[in-house]
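Trainee: Shown below is the structure under consideration.
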Amino acid sequence: ELLIEEKYEDLMASCEKIYRKETDRDFIKKAFFLAKEAHKGVRRRSGEPYMLHPIAVAQIAVDEIGLGSKSVVAALLHDVVEDTKYTFDDLVEIGFSEEVIATLRLLTHDKHTPYMEYIERICKSGNRAAINVKLNDLRHNLARGREGGHMRCVEKHTIALAYIERFLAEAESL
């Protein structure tokens, strides 16, 4: 719990440079507390609190890519609908914008859709926030997977990461 709070404070400090208006801070705060509640008590295979993952993905979005507050919100919430009891309707009711919801719909993997088809859908959507959040998500998951020796996940995520990086390189060259 203390580690989560420390990482949250670090994230909020990093976000100071991306706020365009005062409501951006509240928007990120709301996403953090919802994600924290949604993932309460959940732990990764490593034993660390799951909530450290969305915080790390959001931190990468700010520090390494320089994305805005809506992308940080999407990073914090990227696993909420997929992995918890919350629905998109809940997120709308809580007050998240349609733009954020659209990004989260792309980032939510329907278990009936083959994984690479899901990755292609994100890339072909043209939604830069979704593409970059997924890129950060994969990078963080790969680092954790390698540390934990989860080679099946590492292989799947390596292929997906390569696909997104290739897609971004091709898009940039156009």
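Trainee: Against the definition (in a helix (DSSP H, G or I) and open to solvent by 70 Å² or more (accessible area, probe 1.4 Å)), how does Glu37 come out, yes or no? Outline the logic, then answer.
Mentor: Working: in a helix (DSSP H, G or I): yes; open to solvent by 70 Å² or more (accessible area, probe 1.4 Å): yes.
Judged against the criteria, Glu37 is a match.
Trainee: Continuing with the same structure: Checking the structure you have, find out if any residue of the range 114-131 is under 11 Å from the mean Cα position of the chain (by Cα), modelled with pLDDT of 90 or more and more than 17 Å from Phe88 (Cβ to Cβ).
Mentor: Pass one, the range 114-131, residues under 11 Å from the mean Cα position of the chain (by Cα): 129-131.
Okay, now just the ones that are also modelled with pLDDT of 90 or more, so 129-131.
Checking the rest, the ones that are also more than 17 Å from Phe88 (Cβ to Cβ) come to 131.
Yes, there is a match, as at least one residue in the range 114-131 is under 11 Å from the mean Cα position of the chain (by Cα), modelled with pLDDT of 90 or more and more than 17 Å from Phe88 (Cβ to Cβ).
Trainee: Just one of the numbered conditions (1) assigned to a loop (DSSP other than H, G, I, E, B); (2) modelled with pLDDT of 95 or more is not true of Asp110; which one?
Mentor: (2)
Trainee: Something else: Can you tell me which residue among Glu6, Glu1, Glu99 is farther than 15 Å from Asn136 by Cβ, free of Cβ contacts under 8 Å to residues at least 24 places away in the same chain and exposed (fewer than 15 other Cβ atoms within 10 Å of the Cβ)? Before the answer, list the steps.
Mentor: Numbers: Glu1 fails: free of Cβ contacts under 8 Å to residues at least 24 places away in the same chain; Glu99 fails: free of Cβ contacts under 8 Å to residues at least 24 places away in the same chain.
One residue alone meets the criteria, Glu6.
Trainee: Right, something else. Which members of the range 25-48 meet the condition of being aromatic (Phe, Trp, Tyr) and either in contact with a Leu (Cβ under 8 Å, 6 or more places away or on another chain) or closer than 15 Å to Leu2 by Cα (or both)?
Mentor: Phe32, Phe33
Trainee: Hey, another quick one. Which number in (1) more than 14 Å from the chain's Cα centre (by Cα); (2) within 17 Å of Ile101 (Cβ to Cβ); (3) at pLDDT 95 or above marks the one condition that Glu6 misses?
Mentor: Against the list (1) more than 14 Å from the chain's Cα centre (by Cα); (2) within 17 Å of Ile101 (Cβ to Cβ); (3) at pLDDT 95 or above, Glu6 comes up short only on (2).
Trainee: Could you count how many residues in the range 113-127 are in contact with a helix residue (DSSP H, G or I) (Cβ under 9 Å, 6 or more places away or on another chain), farther than 30 Å from Thr23 by Cα and not in a helix (DSSP H, G or I)?
Mentor: Result for the range 113-127: 1.
Trainee: Looking at His140, His157, which one is without any contact (Cβ under 8 Å) to a residue 24 or more places away in the chain, part of a helix (DSSP H, G or I), more than 20 Å from Asp26 (Cα to Cα) and touching a helix residue (DSSP H, G or I) at 6+ places or on another chain (Cβ under 6 Å)? Even if it seems obvious, please write down each step before you answer.
Mentor: Working: His140 fails: without any contact (Cβ under 8 Å) to a residue 24 or more places away in the chain.
On inspection, the qualifying residue turns out to be His157.
The values are calculated or read from the model by the stated rules, or taken from the named source; none is laboratory data. All figures in this text were calculated on a predicted structure; none of them were measured in a lab. Cβ atoms come from the backbone with ideal geometry, glycine included; neighbour counts cover every protein chain shown. These accessible areas exclude ligands, DNA and RNA; they are computed on the full protein's heavy atoms, side chains included. Shrake-Rupley method; radii C 1.70, N 1.55, O 1.52, S 1.80 Å.
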